[in-house]
1. Can you give the translational diffusion coefficient of the stretch 25-157 in µm²/s, computed by Stokes-Einstein from the Kirkwood radius over Cα pairs at 25 °C and 0.890 mPa s?
2. Choose one of TYR225, PHE167, THR184: the residue whose Cα lies farthest towards the positive end of the charge dipole of the stretch 162-258 (beta-carbon charges +1 Lys, Arg; -1 Asp, Glu; about the Cα centre).
3. For a quick check: with amide H placed at 1.01 Å from N, whose amide H comes under 5 Å from SER295's, ignoring anything fewer than 5 positions away on the same chain?
4. Could you give the size of the charge dipole of the stretch 162-258 about its Cα centre, using +1 on the Cβ of each K and R and -1 on the Cβ of each D and E, expressed in debye and rounded to the nearest 20?
5. Residues with amide H under 5 Å of GLY345's amide H, sequence separation 5 or more or different chain, H placed in the peptide plane at 1.01 Å from N; which?
6. Do you know the relative contact order of the chain, to the nearest whole percent, from alpha carbon pairs under 8 angstrom that are 6+ apart?
7. Positive end of the charge dipole of the chain (Lys, Arg +1 and Asp, Glu -1 on Cβ, about the Cα centre): tell me which of PRO280, GLY53, TYR291 has its Cα farthest that way.
8. Given H placed 1.01 Å from N in the peptide plane, which residues other than close sequence neighbours of THR35 have an amide H under 5 Å from its amide H?
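Bear in mind these aren't lab numbers, they're just calculated from the coordinates by the rules spelled out. Only a predicted model underlies this, so the values are computations on that prediction, with no experimental measurement involved. Cβ placement follows ideal geometry from the backbone for every residue including glycine, while neighbour counts extend to all protein chains displayed.
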Amino acid sequence: MSAFVRIICVVGALLLVTQLSLGQTTVTVSPASKTVNMPDQFTINVMVNNVTGCRAANIKISFNNTILTYNSLAKGPFLADAFGPSPLVVPNGSTTEITYDQSVLGTNTYSGSGVLVTYTFTATAVGTTPITLITADLRDVNGTITLTKANGSVTVDPPLPIQLSSFTAALVGGTNHVLLSWKTLSETDNLGFEVQRSLEPLGPFESIAGSFIEGHGTTIEPQEYSYTDVNTEGKSWYYRLKQMDRSGAVNYSDAVQANVTGVAEEKAMPTVYSLDQNYPNPFNPSTVISYQLPSASSVRLVVYDLLGKEVATLVNGMREAGYHKESFNASGLGSGLYFYQLTAGDQTFLKKMMVVK
């Protein structure tokens with residue numbers, strides 16, 4: 001994987017199976033192919049398109065339970081107002097089947113496209129397993145809705161060498177210098193870091209001469225690092241970390257931006273759905289979660305603990321297109337790792353945050 005930030009979120013656009021013919025209803029596992037690092041937590045969506053008058057939804061998937069551990073299931077925006085029983089989880093040797101059976105979706109019918117349900121898993125062993133959609137049975141008031149279905153797969157890679165908990169860029173007061181700060185929760189065979197920068201969010205990035213900072217090798221103790229860019233040329237740079245293992249392997253962090261021009265810039269409307277890393281992170285007791293919507297959307301922003309239990313619902317309703325921020329106060333929670341999930345439009349994102357008290 002290109003980024004070593006161990007954030008379990010689903011990054012980028014979801015991969016959908018091409019519709020076979022105009023007007024045909026398809027149910028697909030999305031992303032169709034996904035790679036994660038153990039022991040990361042991640043999500044898989046069951047998507048539907050071109051549904052008219054749906055009154056019932058029966059879904060069953062299977063996966064290899066020696067590679068993945070099932071954590072939780074949440075209804076997607078397509079079934080936002082529906083009700084139903086808890087999913088039935090049945091281990092069978094090395095395979096687990098999960099059945100989500102809603103015989104009647106309330107008093108309303110459901111039409112359109114979107115996420116039926118979102119499954120949350122944890123990667124527990126290296127390997128590859130298909131996510132098999134055994135049953136996708138949708139029914140309208142008069143009978144069965146004709147549909148096709150497609151499966152996906154998950155590949156689990158070994159743990160990433162760095163567990164990065166935060167990476168920030170901030171101006172040094174009264175100057176155009178930029179202070180880069182980052183923290184790791186653990187490191188494996190870490191040689192060190194180089195700081196790279198670019199004027200564009202997607203690069204090309206180049207390493208800053210003399211920016212190498214030695215790592216701590218292998219450690220499970222949190223570590224803090226910093227670097228000050230004193231030659232910003234008065235420009236707004238995007239920064240990322242190039243992390244190097246002693247074995248020669250290289251990984252890259254996501255990019256952060258620092259505006260050093262001194263001129264307030266008007267943000268263009270976002271063109272994609274996205275979920276940012278909360279800031280500050282780690283935090284005590286409050287943090288801010290930012291996200292972007294390219295169009296008015298039904299939004300659900302939820303915080304979970306390590307066991308997949310919902311501990312807070314920050315948003316559950318319509319939001320206008322644009323940039324949004326939500327505050328989260330964890331004063332009633334204990335120290336530890338938590339996850340926050342954004343479901344908006346037809347996409348779902350998952351990231352992690354750390355409460356330190």
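1. On the way: Rh = 15.0 Å.
The diffusion coefficient I find is 164 µm²/s.
2. Of the options given, the answer is PHE167.
3. HN-HN under 5 Å from SER295: GLY322.
4. Numbers: 6 positive and 12 negative charges, 37 e Å.
Rounded to the nearest 20 debye, it is 180 debye.
5. Long-range HN contacts for GLY345: SER298.
6. Values: 941 pairs, mean separation 58.3, N = 357.
Relative contact order, the chain: 16 percent.
7. GLY53
8. So THR35 has HN proximity to THR155.
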